[in-house]
Amino acid sequence: MALFLPTYSCKKLTDVTLNMLRSMKAEAVFLDVDNTLAFHGSQEPFEGVVEWTQMVRQDGISIIIMSNNLKSRVEPFAKKFDLPYVCFAQKPFPLGLPYARKKLVRKSPDKIVVIGDQVYTDILGANLHGMQSVLLEPAAVEGSASFHFRRWLEKPVRRKLHRLAQKATGDQAGQ
């Protein structure tokens, strides 16, 4: 189960704070597109995410858009955000994540934080490559059968994260 657990989990990207990234000693962030920057299939970014990327970059942290989508989906976001990108990254397989690390940011894997909404691509990919991760809640329910199946597979991981969060809250309340 540990291979599927993120370093942190948050509801949405704008809930990821600079303090959180600093505590992770992040020097680079790899951002997914769908349900991280925008609704699945939409070219309009979520409210506040462009400003979030600007704030993180001003803090000296590099950002790369990293998606399993095709160039036609990813490139418009890269232009809106003025960020480098890797499309068809094939997360969690050992192609896009190591490429971006070696060619674009040249950072140690443990200084990279992958942020996305899918356990079996974003989080598993990060863990397989020695990177840290933040799992986001999906912003919307995707319509395809493959997404429904993937979300069903993620349920045990998300339940465990919920139990861990409740335990941490209970531990803090008891202090």
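Values in this text are rule-based calculations from the coordinates and carry no lab data. Predicted model only: the values in this text are computed from it and were never measured. Here Cβ is always computed from backbone atoms with ideal geometry, including for glycine, and neighbour counts include all displayed protein chains.
Sort all Cα-Cα distances of the chain into consecutive 5 angstrom bins from zero, then give the percent of pairs in each bin up to the one containing the longest distance.
Once binned at 5 Å, the Cα pair distances of the chain give 1, 8, 18, 22, 22, 15, 8, 3, 1, 0, 0.
Compute the Kirkwood hydrodynamic radius of segment 1-63, taking the inverse of the mean of 1/r over all pairs of distinct Cα atoms, and give it in Å to one decimal. Walk me through the numbers on the way to the answer.
Working: mean 1/r = 0.0787 Å⁻¹.
In segment 1-63 this quantity evaluates to 12.7 Å.
Report the charge-dipole magnitude of segment 83-133 in Debye, nearest 20, computed about the Cα centre from +1 at each Lys and Arg Cβ and -1 at each Asp and Glu Cβ. Present the calculation step by step, with values, prior to reporting the outcome.
On the way: 7 positive and 3 negative charges, 69 e Å.
So the magnitude is around 340 debye.
Using Stokes-Einstein with the Kirkwood hydrodynamic radius over Cα pairs, what translational diffusion coefficient do you get for segment 68-141 at 25 °C and a viscosity of 0.890 mPa s, in µm²/s rounded to a whole number? Can you show the working numbers first?
Values: Rh = 12.8 Å.
The diffusion coefficient I find is 192 µm²/s.
In what sequence, highest mean first, do 45-57, 115-127, 65-77 appear when ranked by Cβ atoms within 10 angstrom? Show your work: numbers first, answer last.
Working: 45-57: 16.5, 115-127: 24.5, 65-77: 19.1.
The densest-packed peptide leads the list: 115-127, 65-77, 45-57.
Using the basic label-point model (7 angstrom from Cα toward the beta carbon), what is the Trp152 to Leu3 distance in nanometres?
In this crude spin-label approximation the distance works out to 2.2 nm.
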